[in-house]
1. Quote the charge dipole size of segment 271-388 about the Cα centre in Debye, to the nearest 20; the model charges only the Cβ of Lys and Arg (+1) and of Asp and Glu (-1).
2. Using DSSP to define loop residues, name the chymotrypsin sites (Phe, Trp or Tyr not before Pro) in segment 328-386 whose beta-carbon has at most 12 other beta-carbon atoms within 10 Å.
3. For segment 330-388, which GluC sites (Glu not before Pro) are in a loop by DSSP, counting at most 15 other Cβ atoms within 10 Å?
4. Please report, in debye to the nearest 20, how large the charge dipole of segment 186-386 is about its Cα centre when each Lys and Arg carries +1 at its beta carbon and each Asp and Glu carries -1 there.
5. Hey, could you grab the Kirkwood Rh for the chain? Inverse mean 1/r over distinct alpha carbon pairs, Å, one decimal.
6. Which of the listed residues, V315, G353, M251, is farthest toward the dipole's positive end in the chain, when Lys, Arg count +1 and Asp, Glu count -1 at the beta-carbon?
7. How much net charge surrounds S344 when only the other residues with a Cβ under 12 Å from the Cβ of S344 are counted, with Lys and Arg +1 and Asp and Glu -1?
8. Quick one: Cα centre-to-centre distance for segment 232-300 and segment 23-39, in angstrom?
Amino acid sequence: MKAFRFHNPTVLYYGAGQIEAHLAAEVRKYGSRVLLVYGGGSIKRFGLYDKVTGILKNAGCTVFELPGVEPNPRLSSVRRGIDICRNENIELILAVGGGSVLDAAKAIAAGAKYNGDVWDFYTKRAVVQDALPLGTILTLAATGSEMNGNSVITNWETKDKLSTGSPHLYPKFSFCDPANTVTVPRDQTVYGIVDMISHVFEQYFSPTPHTPLQDRLCEAVMRTIVEHAPRVLEQPDSLEARETMMYCSTMALNGMISMGMEGDWATHNIEHEISAIYDIPHGGGLAIVFPRWMEYVVDAGVEKFYQMAVRVFDVDPAGKTKRDVALEGIGRVKTFFRSIGAPSSLADYGIGGENIPVMAEKAVRFGPIGRFKVLHKEDVERILSACL
């Protein structure tokens, strides 16, 4: 285990009635000029917009809006939000939506306090030193953005999708009411399931030795996702199923399951290059890439793959080599993704191999990726080729 310092400053309000009971008081802590950031309009169709704006106006807030944030949030939308913040003296950003909306809001919060171009944070030309206060109301269980300081943004003009992270980007408060996720379409629910378990994979496959408790915590989240995913898809209006998945999503990426561990994150880097060019859903891309990454790196850590196979996917090890058990576990990851309706190849999106060299080059633009097994350009090309 590595030495570590842990601090998560986000106040999490979880469950029914929390928005009505606490949103106004939280907002008042930071000011009355609020930028409301949201996506394609589903919050209006299902009543959440009216609820939130009503609470804000009753609290004496002046509300400005940035609607239309894209599923892979665009730098252009972020820049529009920054302009609003500067022109209207915004004191608090309130993001209402899924991970894309929250990621855009984090970028806006950082950019509004920066004299340069916000894209500098994503190209590693600058580090976030300050940000406007941010609150979130989650409508999709997937990214864990409601309780971490990470943000991923797409520059559509250059076909780049890059991430940044900072303690300054943690939301001040987040509201997670499973009732706000029951209307999420099936495909988006599937992508969210893939995303949350992929976040656990990225931390679980770590080169850090002696992490027995962290491993068990990761395995608990993974098992819960695998066991409860069928129910949330069969009974999408089940609050019990939705609340379990929402809590798994939050716990998968708020830092609590992997303290003292060094994560891998190569698969996310590779997928970002696919969706930067082809604009496919992030969860769909992860469902394609992760099993291929696992097959490519299995010999870098057979013991860990064996452990996952037995503890998470109930592979019977009797009479088998550890490598055979490990490969069977990877096969069960594929089976799980197929069982929930996730894509299994780039061909499912009509994607061929013409851009593989470009994607591989960009994936390692800042140097080799991955820590469980370090990957160079040629490794990324082989993994992407296996995804066709």
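Rule-based calculations on the coordinates, nothing more; no lab input. Keep in mind that this is a model prediction, so the values were computed, not measured. Here the Cβ positions follow ideal geometry from the backbone for every residue, glycine too, while neighbour counts run over all protein chains shown.
1. 340 debye
2. F366
3. Answer by residue number: E354.
4. Dipole about the Cα centre, nearest 20: 340 debye.
5. 21.2 Å
6. With unit charges placed on the Cβ atoms, the residue in question is M251.
7. Around S344, the charge tally is +2.
8. If we compute the Cα centre of each part, the gap is 30 Å.
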